[in-house]
Structure formats: C-alpha cells, structure tokens
1. Could you please let me know if Asn75 is over 26 Å from Ile243 (Cα atoms) and more than 20 Å from the chain's Cα centre (by Cα)?
2. List, please: which pairs have Cβ atoms under 6 Å, are six or more places apart or on different chains, and start with a residue in segment 307-323 that is within 18 Å of Glu268 (Cα to Cα) and end with one that is among the acidic types (Asp, Glu)?
3. Anything in segment 78-119 that is more than 18 Å from the chain's Cα centre (by Cα) and part of a helix (DSSP H, G or I)? List them, or say none.
4. What number of residues within segment 258-282 are under 25 Å from Thr112 (Cα atoms), not aliphatic (A, V, I, L, M) and not in a helix (DSSP H, G or I)?
5. Take the residues in segment 180-193 that are crowded, with 21+ Cβ neighbours inside 10 Å and outside any loop (DSSP other than H, G, I, E, B); name whichever of them is nearest to the chain's Cα centre (by Cα).
6. I'd like the full set of residues that are part of a loop (DSSP other than H, G, I, E, B) and in contact with a Lys or Arg (Cβ under 8 Å, 6 or more places away or on another chain), limited to segment 291-322.
7. When you scan segment 9-50, how many residues do you find that are touching a His at 6+ places or on another chain (Cβ under 7 Å) and within 22 Å of Arg375 (Cα to Cα)?
8. Which count do you get for residues in segment 22-48 that are of a type in the set (Phe, Trp, Tyr), under 15 Å from Ala385 (Cα atoms) and either in contact with a strand residue (DSSP E or B) (Cβ under 8 Å, 6 or more places away or on another chain) or not in a helix (DSSP H, G or I) (or both)?
Amino acid sequence: MDSIGEFYADKDLNLLKKLTVVIPTYNRNYYLSRCLWYHSHFPFGEIIVADSSPEGKKVVNREIVRKLVEERGANIRYLEYLPETEKYGGDIVRKWGDAVQHVETQYSQTCTDKEFLNPMTLCKCIAFLDEHADYDMAAGPRYNIKSSKSGDIEFFEASPGRSLSIDYPDSLARLLVFSTSLPDTFNIASLRRSHVHKRVYNKLFESEINDLRFGELGLELFSVISSKSIYFPGDPHIYRDTIKLYSSHKIKRSTPESSATRYPLLEEYLQTGLYTDYMDHLSSCLAHEYLSSSSSEMTVKDAQDLMRIAILNLQKIRGFFANPSSDISRCGSLILTCLPTEISTYVRRVLNRPVQSPLADIPDDFQIITQILIRTLYLHKEDKAIPLNP
C-alpha cells in the first residue's frame, strides 16, 4: 500500500461518492498525471478530465487515463476539446462550463491539474450541504506550495483565514461583502451543488459572457447573488503547486504555468471597445438574477448600475488592470518571495500577509503531497507523465 492509501485507510470517505471532481487541463502531461494519480486514491462518484491540449499531449493523457482506469480501477471520464486558441480565453470558460454539464452526482468540485484536494475537508463540506439546503457552496482555505530556490521545495505558504463565509440571507448583503473582499476570497474552487453549478454557467453563456476575465468574475458574482456559502477556516481544502511559477524569481505576464497570465488585461479590452460590451452583458445578467432572487423594488437600470460597481471593484482588487497599484503589489509579492524564509515570515506577519512555514511544520496529509512533488519534480522539465507508483 502506498503512503496515500495507508494514511487514509481508516478514514470514512464514503461521502465522496456524492462528488464529481472536474479537472481542466491544457498542454501539461506531468501535472495531469500527478493530479490524477493522487485523486484516483479516493472514492469519488467520478473524475472528469476536460482536455484541450494539442493532439500530441492528448495521446499521452489518454494513456494516463487508460492505465488508471484499467490498472487502478479509477472512475475517470475523459472529455476532449479543441486546443485553446482564443485571444481572450473564451474557449477556457466554455470548456469548464461544458465539463460541468456532464456531472451526474449531487455535488461538483473544479480542481486544476496543479492542485490537490483534501478528502477530509471535502467530506465536511458535503456533510454541511446535506444538512443545510439554503447553502449551495462550501470551502476551506487554499495553501500554496512554493520554493525559494529553483528545483528545491523549501517551504509552503498558508493563506488561511483570508476568505470568509458569505451567509447573509439577503443577496445584496452577500454581494457587497464579496465585492469588497480581499483578492483570495475566491469561490471558483468551492464545492458546489451540481445543478446550481450548471445553472450559473448556462446563465453566463446565455448572456454572451465567453471570455476569461469577465467569465471568472461572472461565475463568482452570480454564485454569491444566488446562494449562501460556508467557509471552514481550520480545514485545508486545496493545496496548489506554484513551485515553477515563482522559482525563477520573475513575474511574467505570459508564463505557461498560469492560464490567468496568458491573456490580456482589461486595458486591451478598453482599447478595442470590448470592455463596454462585456460589462453591459454581465451587469445585465447579474441584475436579472438579483431582482429575481429578492424582493427588491430597485429598477432594472439601478440594479445594473449596482452590478457595474461590484464588477469594477473586483476587477481592480484582482489586478485585472495594469495600473501602478497592481504593479506595486506584484513587486511587493516578488520581494517577499525572494527573501530568506525566516525574514519573509516575520515581514508577512507584520503586514498580515500569508505566512511561509518550513516543510517540517506541515500536517501529515500535506507531507504526503509534498513528497509526491519532491519525488516527481525531475519530470517537469520534459513534461513527462509520472509512473503509477511514484
């Protein structure tokens, strides 16, 4: 028995049968193979792979899925999409939305190929939603696995406590709280009721929201307006590998390690006239959802104006505009990344930023994940799939 199976052997994970994990991937055999190998240890209702890689990469990914299905008995469905070519990332958003439509279980969870889900937190989220019909989303904190030297995993960065439950019964209150929250208060990575997850994407596509920037914020804002969400600050939900993203000590706008950085910021939308069109479509979509889900006597125009304010505020917070403040923020993050761990940890505590911790201090379940990374990182450079028993 490998370390993952041994660690969870005495844990009750039966609730995971109610959950489908949707894993979007593009052009990364190493990351997908590692992600699937890890998650194939758990009794999910299904794992759905949404692959838009070029054909050469798809050949490898199909073989990865075949081996896990035939040799490990994993329940994986493999969906193929055309390679991502659209300038503003509309094909990414449509891929995610279409993959969710294939979910057949009660709950769904999107997980990128660089992430590892904590099965115990997933069970806690499912148990809560089973008991609380007025909530549609549940999540815990996300942790980033980072490195201060190329090729070495020296520490992890914890970001607990910076997200929050958005559980006000009034949809306007939820919107106002969310639209002024810190950048890492995301709900894209929440565990969701599948029928609500599908509905959100359908509504966005009906409103012609088919780009990455407005699509992601549309998913989040629509979800907040339509339902309540619970956040468990003490239960790690997702561990995200950002080792290669930061190992060069340079922040690049076009790094292949992050889909968000491969696409234009909103300045280009403004220059081409797309910004106004997308803003009108999304604000109208959100306004109609708000008015249909509340007893507000607000006019449609006033509701749309309110939604524009919320959208613009989140876009600024998330750094979707290439303005000086976002450049300064990225510069500060870069400096913290390059500092020695003990100095960076002190500065982060003073600034109330996420704190780095040495690997020796991390929980046992997180230790398992970092060991997978350490043993397989040599395959990253040539993008090779990991063996079935790394």
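No value in this document is a laboratory result; all are computed from the given coordinates. Keep in mind that what you see is a predicted model, and the values were worked out from it rather than measured. Every residue, glycine as well, gets a Cβ built from its backbone with ideal geometry; the counts of neighbours run over all protein chains shown.
1. yes
2. Partner pairs satisfying both residue conditions: Ala322/Glu267.
3. none
4. 3
5. Leu191
6. Correct list: Gly319, Phe320.
7. Total satisfying the criteria: 1.
8. 3
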